[in-house]
1. Highest first, please rank the peptides 157-165, 135-143, 36-44 by the mean number of other Cβ atoms sitting within 10 Å of their residues.
2. Contact order normalised by length for the stretch 20-348, with contacts defined as Cα pairs under 8 Å and 6 or more residues apart; what percent is it?
3. Taking the mean number of other Cβ atoms within 10 Å as a proxy for protection, how do you rank 21-30, 166-175 from highest to lowest?
4. Search the structure for amide H atoms under 5 Å from the amide H of Tyr92, placed 1.01 Å from N in the peptide plane, and list their residues when 5 or more places away or on another chain.
5. Run through all the Cα pairs of the chain and give the fraction in each 20 Å bin from 0, expressed as whole percent.
6. Packing-wise, with mean Cβ within 10 Å as the measure, how do 298-310, 198-210 rank, highest first?
7. Give the long-range amide H neighbours of Gly320: residues separated by 5 or more places, or on another chain, with amide H under 5 Å away, using H modelled in the peptide plane at 1.01 Å from N.
8. Going by amide H atoms built from the backbone, whose H comes under 5 Å of the H on Tyr256, apart from near neighbours?
Amino acid sequence: MRQQIEEAPVPPALPRVNLAHLQEITHEFGIWQHCREQKPNARYGFSIDDEARGLIVALHLAQREIEPEFAARLGRVCFDFIEKAARPDGRYHNFADKNCQWLDSVGSDDSFGRTLWSLATACAANLPFAPRARAVSLLERSLPLATGLPYLRSQAFVIMALAQLPGYADEVARELSERLAAAYEETSSTDWRWFEDEMTYCNARLPQAMFLAAQLFPSETRYLEIGIESMDFLLKAMRLAGKGAGYAPIGNDGWYRRGEKRPALFDQQPVDAGALVEACMQAFRVTGEPRFRKAAHEAFAWYHGENIHGLPIYDPRTGGVCDALVPSGVNCNQGAESVLSYLLAYFAFDE
């Protein structure tokens, strides 16, 4: 752990959590994937990505005794969805329509990784609506497939899962951590300290996984070094220079390729802001460096108007979160991914 060279500033107080919008979009089968403004848009059905995030949020709520009845309902709905989506081969369906019929034969690698992340969180918590025995049964069926995942973010989600269960499948966590570290070592240079030649979506999950790997395998000091270098590089890329305070998530409309002068500014996604908050808080917990906690609070402020437009993304009256920051302002639709990313970021401050 690096020595702290300054006093940690007192972080700003967090707003009180509001679950009204999440309650509105939680159906008996799952969380509706998309909304037309604040109302669920049943046309797009459900996604296991949201059920995985929703299960983790439910576990946070239950552990903190926040609206326990809704926490139990949310957790039961999301865990049941994951169980129904499980295939005999260890993979999962992703999308279901409004009539609760599967729309795909198998889900994406990212949805697989996120699902394992939620199942490991359930194993660690062992709460009645997602009991450890049932979560472990699914994990054990799926883990043999984890080392075959080809994409870095999918690998990072599995590392995030297994970091919650030290001593369980450490060999899988080690292999994936080595692959993530190798990607960084092969791709990075003095002016591009990153794992790939392009920054795209959920970028912060990659350094976050390295910080977690450093906790799992403390003797492998390069994991911590890679985590710090890549996180610093990401924060530099996302820092708003001359355009107001705080950070700007890498825009989905163009992203950020090696050699370009700056990242795309739009469409900025709540899921990217939330991932940055979680990763920065993980960096703070591992290193003890106050700058990472400060960066987490600044990234969280993006939801509350500290962004390029000076417009709030989060609505404190309803707990809804707009889907994107776009050139003209905000995308006023308030889908599941957006509100769940906000809540995951919110709970990252007091883990």
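1. On the way: 157-165: 24.9, 135-143: 18.8, 36-44: 14.7.
Ranked from most to least packed, the peptides come out as 157-165, 135-143, 36-44.
2. Values: 635 pairs, mean separation 52.0, N = 329.
Value for the stretch 20-348: 16 percent.
3. On the way: 21-30: 19.2, 166-175: 15.3.
Put in order of decreasing packing, that is 21-30, 166-175.
4. Arg87, Gly107
5. 32, 62, 6
6. On the way: 298-310: 20.2, 198-210: 24.0.
So the peptides 298-310, 198-210, ranked by packing, come out 198-210, 298-310.
7. His21, Asp315
8. Those qualifying (amide H under 5 Å, at least 5 residues apart or on another chain) are Met199, Ala264.
Each reported figure results from applying straightforward, stated rules to the coordinates on display, with no laboratory input. What you are looking at is a predicted structure, and each value in this text was computed from that prediction instead of being measured. Every residue, glycine as well, gets a Cβ built from its backbone with ideal geometry; the counts of neighbours run over all protein chains shown.
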